[in-house]
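The values are calculated or read from the model by the stated rules, or taken from the named source; none is laboratory data. Not measured: the values here are computed from a predicted model. Cβ placement follows ideal geometry from the backbone for every residue including glycine, while neighbour counts extend to all protein chains displayed. In case anyone asks, the SASA skips ligands and DNA or RNA and just uses the protein heavy atoms, side chains included. Shrake-Rupley method; radii C 1.70, N 1.55, O 1.52, S 1.80 Å.
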Amino acid sequence: MKKLSLLFTLVCSLFLGGCATTFTSQVSVFHEWPETTQDKSYIFERAPGQENNPEHKLYEDLLRSRLQTLGFKEISAGATPALKVELRYATTIREVKPSLFWQPAIYDPYWGLHFSRGIYRRNYLYYPTFSTWPYYPRGAVDMYIRSTYLHQLQIRISEMGKNKVLADIKASSEQDNEEISLYMPYLMESALKDFPGKNGSTSKVQFKVEN
């Protein structure tokens, strides 16, 4: 009975521990942020189609709240701000095949949007090792396909008058759920975690998320 009790306690601990998951994203940062304190007043600059989009307004509210904690101040229309802030986001579907350990994933940086993942694919059933024998069956692996979704976010901050980009931050996260709205708060938190961050860096950001 004592062993069963210990086992039950362990299972409960694992179950309760499962309530928290890890959100992982990749963040790229490019900036020319001035070292001296500057005017952080800003307005949002919206692309066509964003102006009366309820989803975009929700994401703007999230970003507005986050920028406020960093000392930025949104000003009303008609006033002259020092900065303009642009917000872009997208979701790309990925068709993924599990690859064996000798087949690395490929990450290609591009902006349409962030990271594109490809996996080496072969059309034949068997894949030889470095020697000519033995051959390992691949058919069962190649038949299994699953889709994931790459959620991507870009935050760009520019000088209002000179139109000079001061910060261009991109964050992406691959998830099983296609709804980007579920992950937008975490993408923003990842993107602005150490603002303005290290110029020219691409890093993995992780933090715990309560379910």
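At a glance:
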read-out	value
Estimated vicinal HN-Hα couplings, Hz - segment 163-179 in sequence order (Karplus 6.51, -1.76, 1.60; Gly, Pro = x)	6, 7, 6, 8, 8, 10, 10, 10, 10, 9, 8, 8, 9, 7, 8, 7, 7
Per-residue SASA entry for Thr22, accessible area with 1.4 Å probe, Å² rounded to 10	70 Å²
Protein-only accessible surface order, largest first, of Ile93, Ile169 at 1.4 Å	Ile93, Ile169
Listed residues Phe72, Phe30 arranged by accessible area, highest first, probe 1.4 Å	Phe30, Phe72
Sequence of Lys164, Lys170 when ordered by accessible area, the most exposed leading, probe 1.4 angstrom	Lys164, Lys170
Rounded to the nearest 10 Å², the accessible area of Arg146 at probe 1.4 Å	90 Å²
Simple label model, 7 Å out from Cα along Cβ direction - Ser76 to Arg46, nm	1.9 nm
For segment 168-207, with +1 on Lys and Arg beta carbons and -1 on Asp and Glu, the positive-most of Asn177, Asn199, Leu187 along the dipole	Asn199
With DNA, RNA and ligands ignored, accessible area of Glu32 (1.4 Å probe; Å², nearest 10)	110 Å²
Cut-off 15 Å, label 7 Å out along Cα→Cβ of Asp39, residues of segment 62-89 by amide N	72-85
